[in-house]
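Note sheet for the following structure.
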Amino acid sequence: MPTRIAAWPDDYPQTIQDLTDERLAEMSDTERDDLRYELLDKFNAARSMSSDFAQEVTKQGFINSFMHPLDIAFMFFAVFAAYGIASNE
């Protein structure tokens, strides 16, 4: 994952800047607005997919962290310790 997102116009070559400016100049206001909404929809969809993926990885990591047979023994120790603390013994 990149640690930095490219910023307009500093991180883009001059030829790309010129082509983009020409393309935007040829568009009407309505076309530019439609393009902005289309790009915003794509950005939001990508962000949602990224969030869903991160949640799934976290969930699977949590589940997989309890796959060792000794985890059951430690779970029982934790329950007994919690019961002992709660009963003040």
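What follows is calculated from the coordinates using simple rules that are stated; it is not laboratory data. Given the structure is predicted, the values throughout are model-derived calculations rather than measurements. When we count neighbours, we look across all protein chains shown, and the Cβ atoms used for this are built from the backbone with ideal geometry, even at glycine.
Observations
- Scope segment 1-34; condition within 30 Å of F53 (Cβ to Cβ) and among the aliphatic types (A, V, I, L, M); matching residues: M1, I5, A6, A7, I16
- Contacts under 9 angstrom Cβ, first residue in segment 72-89 being free of Cβ contacts under 8 Å to residues at least 24 places away in the same chain, partner part of a helix (DSSP H, G or I), 6 or more apart: E89/Y83
- Counted residues, segment 38-71 - those being in a helix (DSSP H, G or I) and either loosely packed, with under 10 Cβ neighbours inside 10 Å or touching a Pro at 6+ places or on another chain (Cβ under 8 Å) (or both): 5
- Of all residues making up segment 29-48, the number that are within 9 Å of the chain's Cα centre (by Cα) and closer than 17 Å to I5 by Cβ: 2
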